[in-house]
Each structure stands twice: as C-alpha cells, then as structure tokens.
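This report concerns only the one structure given below.
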Amino acid sequence: MTLSLANLTIRKKEGEALFSDCSFNVKQGEILTLMGPSGCGKSTLLDVIAGHLSSEFVYQGQVLLNGKRIDTLEPHKRQVGILFQDDLLFPHLSVWENLAFALPDRFKGAERQAQAMYALTSVQLDDVASHYPEQLSGGQRARISLTRMLLAEPGAALLDEPFSKLDKELRVQFRDWVVDQLRTANIPTLMVTHDEDDIPDGNQVLKWPWESAAC
C-alpha cells in the first residue's frame, strides 16, 4: 500500500488557499510527519484524506491509496484509520466490546470476542477487557484506541497529534509503542504534530511550507 497526495490544494470557499499543490507519497511501513504552525491546514488535510472535510472548505487534487483514487469514495469505504488526540472510545461499551465493534464483518458471533481478547492479550491489556473506558488510565485508553483502529485493518493510518494530551513520561513510552505497532501493521502512516520529538527515527518529515518540499 502507498498513500499519495497529488497536487492537493485546500481553500476556504470564499477565501485564499491554506496551501497549494501539495504532493507526496508515503510507502508501506513508512511514517511521514507533517509539521507546521497552527492554522496552516494540518488537520484539514487529514480531513480531506479521511472524508470528513468541513463544508467551509473546498479542495482540488487527488488522494490515492495503492494507486486507487479514494477521495471520491464515502469515508467508510476508504480503508483509512484515524487516531486523534482524544481516544473517542464508546463509553457504554466495555474494552473488549470497543475492540469487537471495529472488526471487519467477516468475524461473526463469538469469534468477534475471541479476536478482541487476542488483541488485548497481544498488547498486554487483557486484564482490563471487561472494564469501561472511564475505569482506564489515559495511557490505557490511548493504547486501546490505537489497537481498535488497527483491528479495522486499514490500508493507511492518520495520526492527528495523538500524543499531545499525555504527560511527558507517558508520551515517550506511548510514542515508541505506537511506532512499533504501526511498523508491525506495515501500512503507510501520515502524522501531524507540533513537536519534533514525535518524529520517528529514520522516517520522512515535511516542514511548512509543504508545497516547497514535495516528495
């Protein structure tokens, strides 16, 4: 899988462009980090890829996954997973139920719980399977959120400042764990952040203005 942006321009409907002609490729297993000032369009770019662009914006260009254009598809058909600053777990579902909810439809009945439990064991969180999100620590919720996203078997992952609300010590630990999990998943990942410490070793980084640093 390769995630590609081709000549992407995003602008307000009645205003100037946030950025113009941004093009890059993120290959399988790579994590590309986008950095830029507040308001430059980092999260808006992720919205275009995921299919959640606000009606106040319009865009030109294309988003492709493995050579297939996806920006014309409905969001749930794009095979794009998202990890936000907030974990967005369902408060009325237990941990394993949150994970089971994300599984592809081919898993039926008891197999869904079995797969959820297997995933929890693999990330050493099986002891909280029956807990509800409010009973978890911030770090546990963050790990469950990423695990849920990966269980949906996305073709690409988007990370929108996923470490910004964690304290310093937990941030370092979770960041390293996330990078390991994404490398194991072997999918292209696009991350936006303000913090240079978030950039994974050996991976690409594009700093604002992106159009002058297309790759």
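Since every read-out is calculated from the coordinates, none of them should be taken as a lab result. Note that the structure is predicted; figures quoted are calculated from it, not measured. Note: ideal-geometry Cβ built from the backbone for every residue, glycine included; neighbour counts use all protein chains shown.
Place a +1 charge on the Cβ of each Lys and Arg in the stretch 93-153 and a -1 charge on the Cβ of each Asp and Glu, then give the dipole magnitude about the Cα centre in debye, rounded to the nearest 20. Write out the running numbers ahead of the final one.
Values: 6 positive and 7 negative charges, 23 e Å.
Taking the Cα centre of the stretch 93-153 as origin, the dipole is about 120 debye.
Give me the extension gain from Val123 to Asp167: residue separation times 0.36 nm, minus the current Cα-Cα distance, reported in nm with one decimal.
On the way: separation 44, 0.36 × 44 = 15.84 nm, distance 2.06 nm.
Here the answer is 13.8 nm.
Residues with amide H under 5 Å of Leu83's amide H, sequence separation 5 or more or different chain, H placed in the peptide plane at 1.01 Å from N; which?
Leu158, Leu159, Asp160
Relative to the longest principal axis of the chain, what angle (0 to 90°, nearest 10) does the C-alpha long axis of helix 138-151 take?
It is inclined by approximately 80 degrees.
Check cross-link reach from Lys12 to the aspartates and glutamates: straight Cα distance under 14 Å, and skip same-chain residues fewer than eight apart.
Asp47, Glu56
For the stretch 1-87, calculate the relative contact order in percent as a whole number, restricting contacts to Cα pairs under 8 Å that are 6 or more residues apart.
Details: 131 pairs, mean separation 30.3, N = 87.
This gives 35 percent for the stretch 1-87.
At most 14 other Cβ atoms within 10 Å plus a DSSP loop assignment makes a site exposed; report the longest stretch of the chain without any exposed GluC sites (Glu not before Pro). Can you show the working numbers first?
Numbers: sites that count: Glu14, Glu16, Glu56.
With GluC sites (Glu not before Pro) excluded where exposed in loops, the chain gives 57-215 as its longest stretch.
Pick from Thr44, Thr147, Thr121: which is most flexible by mean-square fluctuation in a GNM of the chain where alpha carbon atoms under 10 Å apart are linked?
Thr121
Out of the DSSP beta bridges found with both residues in the chain, what percent are antiparallel (nearest 5)?
Values: 16 of 32 bridges.
Expressed as a percentage, antiparallel bridges in the chain total about 50.
How about the stretch 53-125: which trypsin sites (Lys or Arg not before Pro) there lie in a loop by DSSP and see at most 15 other Cβ atoms within 10 Å? Don't skip to the end; give the middle numbers.
Numbers: sites: Lys68, Arg69, Lys77, Arg78, Arg106, Lys108, Arg112; in loops: Arg78, Arg106, Lys108.
Loop-located and lightly packed - Arg106, Lys108.
Quick check on the chain: helices-only [θ] at 222 nm, where DSSP H runs of length 4 and up contribute -39,500 (n - 2.57) each and the sum goes over total residues. Nearest 500, please.
Numbers: 5 runs with 62 residues, N = 215.
So the calculated ellipticity at 222 nm is -9000 deg cm²/dmol.
Taking loop as defined by DSSP and a crowding limit of 14 other beta carbons within 10 Å, which trypsin sites (Lys or Arg not before Pro) in the stretch 117-215 fit?
On the way: sites: Arg141, Arg143, Arg148, Lys165, Lys168, Arg171, Arg175, Arg183, Lys207; in loops: Lys165.
Sparse-neighbourhood loop trypsin sites (Lys or Arg not before Pro): Lys165.
Given Lys42/Lys165; Lys165/Lys207; Lys27/Lys68, which pairs have Cα atoms separated by over 19 Å?
Working: Lys42/Lys165 17 Å; Lys165/Lys207 22 Å; Lys27/Lys68 14 Å.
In this structure, Lys165/Lys207 exceed 19 Å between Cα atoms.
What relative contact order, as a whole-number percentage, does the chain give when Cα pairs under 8 Å and 6 or more residues apart are counted? Display every interim value, and only then the final one.
Values: 380 pairs, mean separation 70.5, N = 215.
Normalised by residue count, the contact order of the chain is 33 percent.
From the phi angles alone, apply the Karplus equation (6.51, -1.76, 1.60; θ = phi - 60°) to the stretch 152-158 and give each ³J(HN,Hα) in whole Hz, x where the residue is Gly or Pro.
6, 6, x, x, 7, 10, 10
Going by amide H atoms built from the backbone, whose H comes under 5 Å of the H on Gln204, apart from near neighbours?
The list, which skips near neighbours in sequence, is Ile31, Thr33.
Which Cα, out of Val128, Thr2, Ile82, lies furthest along the positive dipole direction of the chain (beta carbon charges, K/R +1, D/E -1)?
Thr2
In whole angstrom, note down how far apart the Cα centers of the stretch 133-155 and the stretch 6-38 are.
27 Å
What do you get for the angle between helix 168-185 and the principal long axis of the chain? Use alpha-carbon atoms, 0 to 90 degrees, nearest ten.
That works out to roughly 90 degrees.
Based on Cβ point charges of +1 for Lys and Arg and -1 for Asp and Glu, what charge dipole magnitude is obtained for the chain about its Cα centre, in debye rounded to the nearest 20? Please list the in-between numbers first.
Working: 21 positive and 29 negative charges, 123 e Å.
Result for the chain is approximately 600 debye, rounded to the nearest 20.
Can you list, largest first and rounded to whole Å, the semi-axes you get for the chain by taking the square root of 5 times each eigenvalue of its Cα gyration tensor?
Values: eigenvalues 182, 73, 50 Å².
Working through the eigenvalues yields semi-axes of 30, 19, 16 Å.
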